[in-house]
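S.K.: One structure coming up, written as structure tokens, with questions to follow.
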Amino acid sequence: MRKPKSKIYIPVKSRLDKVLDEIFVDRYTCIVCGREMPDPNRLGTCEACRKLLPYIHGGVCLKCGKPLAAAEGAKEWDREVFAEGEGLFPTDPDPVSYGSYCIGCRRAARYFDRARSAFCYRDKVQTLIHQSKFGQARYKLPYMAGYLADAYLEEPFPVDGVVAVPVSRKILRERGYNHAEVLAKSLCMRLQLPYMEGLTKIKETAQQAMSDYKDRRDNLKGAFHAEKAVFKGKRVLVVDDVLTTGSTLDEVAKTLRKAGAVKVYGLTFANVEEK
Ligand SMILES: [Zn+2]
Ligand SMILES: [Zn+2]
């Protein structure tokens, strides 16, 4: 990636990336099953695998896009719970109204406006995320971004630019790249959306193994920094791999709003289903 002059720019493929596209056989094998494909395709996935991926069907939370538990889905929104919930942003012009919401979104107000995901976090999708995050399968991310683009285009959020959920410098050193950033920039290339530099992770946080929303939220408090000069007055789309409780997206949204962002939307490759 060439170093851009401005902090908001549309990413382009580097010359090296273009050369790698030509020579690497990986790019002509399915990112899910590894079988060879006759031609490269925009999603890097063979026909059979594309049919088997766990797409999100049915009821989702109207706020965070979480697939709702079938038995318990479609709960009415409880305004009293919302009023007592912590974190309600006083200037939030779009508080959630009646409809179906997940437990997390019913329990506490969110700093983000809405979020959506391409897949349920299970099966092959879980494997893909793991491989592209920790393994040597970085090349899969631009194809995964194709699915993100499709999910986004179903009903595009009106945004001025895109950011990735950042990782700490320590994690970046260990892994060599931030998978969310590769996803986000690939999405920008596909949709010709500007990418915004200026969101960083300033605090090392414990690995988010705990499943409790409050624990996760406390763990993330003050973990991010956003530059006012980049985000003031902007509508921002935040990209990440998975939405679990929504606490990461929420903390990022809070940080962006503090820096003057007027709208914050989320887009993730996968979303952990409500049990
Ligand atoms: Zn396949
Ligand atoms: Zn939700």
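Throughout, read-outs are computed from the coordinates displayed, never taken from laboratory work. Note that the structure is predicted; figures quoted are calculated from it, not measured. Because the Cβ atoms are built from the backbone with ideal geometry, glycine has one as well, and the counts that use them run over all protein chains shown.
S.K.: Starting from the Cα-Cα distance between Ser168 and Val12, subtract it from 0.36 nm times their residue separation and give me the gain in nm to one decimal. Working shown, then result.
M.R.: Numbers: separation 156, 0.36 × 156 = 56.16 nm, distance 2.45 nm.
Here the answer is 53.7 nm.
S.K.: Ranked from highest to lowest mean number of other Cβ atoms within 10 Å per residue, what is the order of the peptides 113-124, 264-275?
M.R.: Working: 113-124: 20.7, 264-275: 22.8.
Answer by packing, highest mean first, reads 264-275, 113-124.
S.K.: Which distance in nm do the two modelled labels at Asp21 and Asp150 give, with both placed 7 Å along the Cα-to-Cβ direction?
M.R.: Each label point lies 7 Å from its Cα, and together they span 2.0 nm.
S.K.: Let me ask something else. Which of the three applies to region 128-239, rounded, prolate or oblate, going by the alpha-carbon gyration tensor with a ≥ b ≥ c and a/c under 1.5 meaning rounded? Intermediate results must be reported in sequence, preceding the final value.
M.R.: On the way: a/c = 1.61, a/b = 1.15, b/c = 1.39.
In terms of gyration-tensor shape, oblate.
S.K.: If you don't mind, another one. Compute and list, largest first, the equivalent-ellipsoid semi-axes of region 24-64 from the alpha carbon gyration tensor, each √(5λ) rounded to a whole angstrom.
M.R.: 28, 10, 7
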